Amino acid sequence: MSVAMQDTAIRTGRAVRVLIYLFLLLFALFYLLPLYVMLVNSVKPLSEITGGGMMALPEVWTIEPWLKAWSTAQIGVEPTGLKPYFWNSISMVVPAVAISTILGALNGYVLTKWRFRYDTILFGLMLFACFIPFQIVLIPMAAVLGFLGLAGTASGLVLVHVVYGIGFSTLYFRNYYAVFPTELVRAAQIDGASFFKIFWRILLPSSGPIAVVCIIWQFTNIWNDFLFGASFASGDGAPMTVALNNLVQSSTGVKEYNVHFAGAILAALPTLLVYIVAGRYFVRGLMAGSVKG
Amino acid sequence: MGFLDIDNTTKSYGAVEVLHKVDISVEEGKFLVLVGPSGCGKSTLLNMIAGLEDITSGEIRIKDVVMNGVHPSKRNIAMVFQSYALYPNMTVGQNITFGLEMHGTPKAEREKAMHDVAKLLQIEQLLDRKPGALSGGQRQRVAMGRALVRNPDVFLFDEPLSNLDAKLRVDMRTEIKKLHQNLGTTIVYVTHDQIEAMTLSTRIAVMNGGYVQQLGTPQEIYDTPANIFVATFMGSPAMNVVPATVRLANGRPVAEVALHDGSLAELPFSQDNLAAWEGRDILLGIRPETITDEDAADRKSSNIAHLTNRIVVTEPAGSDTFVSMTLGGKDVIARMRSDAEVRPGADFTFAVNMEKAVAFDPASKNRIVP
Ligand SMILES: Nc1ncnc2c1ncn2[C@@H]1O[C@H](COP(=O)(O)OP(=O)(O)OP(=O)(O)O)[C@@H](O)[C@H]1O
Ligand SMILES: [Mg+2]
């Protein structure tokens, strides 16, 4: 290692380097600590936790808390576990992410390649959506959902997230397509490609990096959302985050911390997975959007 | 009525008019070059022919069909862009056939057309590559292939060679010329390089500030420029423009010019009608290659004038030596043979081919027409 690094511009002594690594290691440990606590406590019996052994490794290993959190824990009134709510979340997040990403891409395409009067003003207004706090839209949104007859339904929640997500996805795609050569679009027009053909055949195939960024961003936000879920979904239709809250907050009986830990990890798992799978592209996509040429 | 007619066409962006009443007509199989300095509106005009920009007023017709408002893909034109605009996600082959595919040509026919064009342009071995893996010259060929395969009525080129290095540019220039001679398709070609314009075209439109300054054959543009802008824009080094006064000598008009020391020399005109300008100031236009030494003077010319003046600087450039002197208070360049015996600071007798000289009205800057 040190031999290979002899020629780099920054020469550091061995001692300095050891120090740096030590420092990094320390920080890594510090940041990993919560994950450690959650993992360890989710695989030990409740008695070990209440006995005060928060930091210790389990004496008896068990996956019982995981199973319980997943399928039998008391959530609200029924002992269903988090399972049905997990699927609630999946079936809400997937269409919401897909629709808001596709609409964002279309918006970006129109705003950069089919310029029209006042398009920058329109874009400015859409950007505004990125900065509006959730709380402000709650009541108007409830009114709109009621008007559309979607109050309390999964489709209603999808609509809410799509509307809220379009601002960001449009921002991402518009900035990405702004540096996409317009001559390509013109060439395709001369070649006889239609509006959607140009989008589908020319722009989308080159949009991989920004699509990944957008999908990760939307997925994390929508999956982790609590406020909209708690406000617009009812009872059985609640998403994972709300169910987790109900699990932890349930006031009857003893607090099963090990089950809570397992449930929390279950709730965080999909976003974690998305980062691990697509994180590499995430950074690449962010760079592609910001650095021109 | 030509094959391509640009009839009284104007273009405005909001309140700003960038093209003013452009009138150009091209016959079938001709090679029209739009040339002019940056920002003069060449690309805008080309894009209007392609249908990528609206026409503010006037009419553009191809084969007598009005093209105003017709979609670019329905004009039967093909365009080669400055940046080549190859689709980065498609292979060379797909790039070439994309237009045919969009027009619903059957696959077998597309394949055949693709191979024919690839053979013509010698890019057969590149068909499966992505544009990212091609050199500049190869991309240029692919871009031309994509245009050729459509078999269009009119080819539009927007500065297709400006991204290439000097040598490749000359090669591709020759290739485009060959292609035009073999296929005989009508071409409109935009460039700001006057040498490209001269070598490629059968007709040149010199543009400046949104106006067509002159439309004509390369020879007409070169020998009888309509005004000082055209005269100095076309040709390298540029035409010398010298202040002079018209006098009469033996009843024939001559140009009286000041030499380096202020003494006057007389250069007889070939155009008799300039006698009408007696006593008035003009601007005399002399191309560098028409000022030579005695031995190299054009033998076919009926009007060689002689002029003894001091040499200021000599610049050997291989095949030629450029000699500069002061005439009428301006720097004037002469293009001499490389073996001409010229020394800076020495007096030298130049032979000026006055048959080729032109005179401009200093007020209007237009050429005084014989
Ligand atoms: N969208 C636009 N809005 C306003 N003015 C424009 C627009 N597009 C072009 N122009 C103006 O029109 C004029 C002609 O532009 P054009 O691109 O045709 O020039 P050009 O001759 O092709 O120059 P170059 O050799 O640099 O490519 C320029 O002065 C330019 O500023
Ligand atoms: Mg241009």
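Here are some notes:
- Neighbour-count ranking [beta-carbon atoms within 10 angstrom, fewest first] of B:13, A:257, A:164, B:189: B:13, A:257, A:164, B:189
- Reducing region B:280-322 and region A:222-286 to their Cα centroids gives an inter-centroid distance of 88 Å.
- Proximal lysines to residue A:68, defined as alpha-carbon separation beneath 18 angstrom and excluding residues fewer than eight positions away on the same chain: A:44, A:83, A:255
- Reach of residue B:130 by Cα under 25 Å, taken over lysines that are not fewer than 8 positions away in the same chain: A:113, A:197, A:292, B:107, B:112, B:119, B:167
- Neighbouring Cβ atoms from other chains, within 10 Å of the Cβ of residues in A:189-202, number 6 on average.
- Dipole of region B:223-370, positive direction: furthest Cα of B:349, B:364, B:321, with charges on the beta-carbon: B:364
- Counting only residues at least eight positions apart within a chain, or on another chain, the lysines with an alpha carbon under 24 Å from that of residue B:21 are B:11, B:30, B:42, B:63, B:365.
- Nearest-0.05 FRET efficiency for residue B:129 and residue A:178, computed from C-beta distance (R0 25 Å): 0.35
- Couplings 3J(HN,Hα) of region B:214-224, computed from phi: 7, 10, x, 6, x, 5, 4, 4, 6, 8, 10 Hz, in residue order, whole Hz [Karplus 6.51 cos²θ - 1.76 cosθ + 1.60, θ = phi - 60°; x for Gly and Pro].
- Three-way shape call for chain A based on the alpha-carbon gyration tensor, with the a/c threshold at 1.5: oblate
- Near the amide H of residue B:213, within less than 5 Å, lie the amide hydrogens of B:206, B:207, B:208, all on another chain or at least 5 residues away, with H placed in the peptide plane.
A short reminder: the numbers here are calculations on the coordinates, not readings from a lab. Keep in mind it's a predicted model, so treat the numbers as computed, not measured. Positions of Cβ are generated from backbone atoms using ideal geometry, with glycine treated the same way; all protein chains shown enter the neighbour counts.
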